[in-house]
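The values are calculated or read from the model by the stated rules, or taken from the named source; none is laboratory data. Every value quoted in this text rests on a predicted model; they were computed, and no experiment measured them. Note that each Cβ is placed from the backbone with ideal geometry, even for glycine, and that neighbours are counted across all protein chains shown. Keep in mind that these areas ignore ligands, DNA and RNA; they rest on the heavy atoms of the full protein, side chains included. Shrake-Rupley method; radii C 1.70, N 1.55, O 1.52, S 1.80 Å.
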Amino acid sequence: MAVDMRLPTVKNSMSLSVSAAGRKDLVVPGDVITSDTGFMRGHGTYVDEDKLTASVAGEVQRVDKLICVRPLKTRFNGEVGDVVVGRITEVQQKRWKVETNSRLDSVLLLSSVNLPGGELRRRSAEDELTMREYLHEGDLISAEVQSVFSDGALSLHTRSLKYGKLGQGVLVQLSPSLIKRQKTHFHNLPCGASIILGNNGFVWLYPTPRQQEEEAGGFYTSLEPVSLSDREVISRLRNCLLALAAHKVFLYDTSVLYCYESSLQHQVKDILKPEVMEEIVMLTQQKLLEQES
């Protein structure tokens with residue numbers, strides 16, 4: 001039986017120009033944000049003796065005169081236009097229920113999906129009877145938030161060909177607060193894999209398709225065997241995501257790619273060891289700081 005033994009080693013000191021302890025935009029409950037009475041109170045704040053005080057731990061965000069605190073750890077509060085990755089939990093009348101890491105199950109209406117073949121017509125009773133042939137319980141999908149109901153539940157749509165049913169890949173569940181909002185959340189990485197960074201904290205890793213199947217209307221999933229090299233790349237990316245999330249680093253295409261490059265000197269199974277994880281994340285943060293400067 002193989003035994004993995006780790007001996008104490010001298011820790012390499014790496015200095016970052018920006019320390020988390022010195023950041024003024026991070027607060028804990030009870031911290032005074034400002035004593036200026038000209039600001040309006042937003043989510044995550046309250047007024048105590050004419051001072052605006054944080055009620056949750058998180059990042060201070062200012063929009064003109066409005067101050068709010070975005071919690072570091074919370075359920076997904078979707079907005080219109082957010083890209084999400086979700087799992088079908090139930091098939092109902094003319095709709096699917098989708099788990100998207102929010103407080104309530106999201107809804108995907110039959111009228112909000114592309115029909116197979118991309119047909120544009122009204123949905124009939126026959127379409128309703130064949131809903132399970134499109135999507136059934138347990139299927140993973142990528143979608144976009146179309147609207148938000150009054151109770152906070154999300155209405156999704158998959159009308160674009162980039163959305164739809166997901167095939168072979170790996171799902172990584174992380175905190176929604178770590179996903180950086182960008183213009184696009186679909187990235188083909190140069191390492192040979194693609195990534196969907198869902199705003200809801202669900203990240204989908206899959207081998208980059210060689211050709212796009214557009215005639216299926218978003219329901220085609222390739223079941224071809226995935227090569228060993230692709231599986232190793234996806235496994236490495238998955239461990240890199242967990243390492244970045246453990247150190248509370250924002251997740252976007254550049255940070256994930258830098259972390260992947262920094263991890264190439266280690267084996268895939270070693271990335272999640274605490275000392276290796278810390279070294280890789282520190283190298284990634286240094287590269288990000290160099291890029292910003």
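Across 5 Å bins from the origin, how do the percents of Cα pairs in the range 173-293 run, short distances first? Calculated over all Cα pairs of the range 173-293, the distribution is 2, 10, 21, 22, 21, 13, 6, 4, 1, 0 percent. Here the chain is assigned +1 on the Cβ of each Lys and Arg and -1 on the Cβ of each Asp and Glu. Its dipole about the Cα centre then comes out at about 200 debye.
In the frame of its principal axes, the range 49-103 has Cα extents of 52, 21, 18 Å, reported largest first.
Label sites at Arg121 and Val32, each approximated as a point 7 angstrom past Cα along Cα to Cβ, lie 6.9 nm apart.
Over the chain, with a Gaussian network built from C-alpha contacts below 10 Å, which listed residue (Gly198, Gly42, Gly164) shows the highest mean-square fluctuation? The residue with the greatest mean-square fluctuation here is Gly42. A Förster distance of 45 Å, applied to the separation of the beta-carbon atoms of His43 and Arg210, puts the FRET efficiency at 0.50. Every Cα-Cα pair in the range 33-125 was counted, and those over 21 Å apart are 55% of them.
Based on the Stokes-Einstein relation at 20 °C and a viscosity of 1.002 mPa s, and on the Kirkwood radius from alpha carbon pairs, the chain is assigned a translational diffusion coefficient of 99 µm²/s. Computing the accessible area with a 1.4 Å probe over protein heavy atoms, can you report the carbon and sulfur percentage for the chain? So the carbon and sulfur contribution to the accessible surface is 50 percent. With the convex hull constructed from alpha-carbon coordinates only, the range 80-143 shows a mean projected area of 4.7 nm² over all directions. Applied to the range 95-106, the Karplus parametrisation 6.51 cos²θ - 1.76 cosθ + 1.60 on θ = phi - 60° returns per-residue 3J(HN,Hα) values of 7, 10, 8, 10, 7, 10, 6, 9, 5, 10, 5, 7 Hz, with x for Gly and Pro. Between Leu7 and Gln291, the C-beta separation translates, for a Förster distance of 30 Å, into a calculated FRET efficiency of about 0.30. Beyond 25 Å, the tail of the calculated P(r) for the range 77-192 holds 22 percent of the Cα pairs.
Computed from backbone phi with θ = phi - 60° and the Karplus coefficients 6.51, -1.76 and 1.60, the 3J(HN,Hα) list for the range 259-265 is 5, 4, 5, 5, 8, 5, 7 Hz; x is used for glycine and proline. Between Asn114, Asn199, Asn101, the Gaussian network model of the chain with springs among Cα atoms under 10 angstrom shows the greatest mean-square fluctuation at Asn114. The slack in the chain from Gln61 to Phe250, taken as 0.36 nm per residue of separation less the alpha-carbon distance, amounts to 66.4 nm. For Asp139, the residues whose modelled amide H falls within less than 5 Å of its own, excluding neighbours fewer than 5 places apart on the same chain, are Ile88. Largest GNM mean-square fluctuation among Leu166, Leu104, Leu129, using the chain with Cα springs under 10 Å: Leu129.
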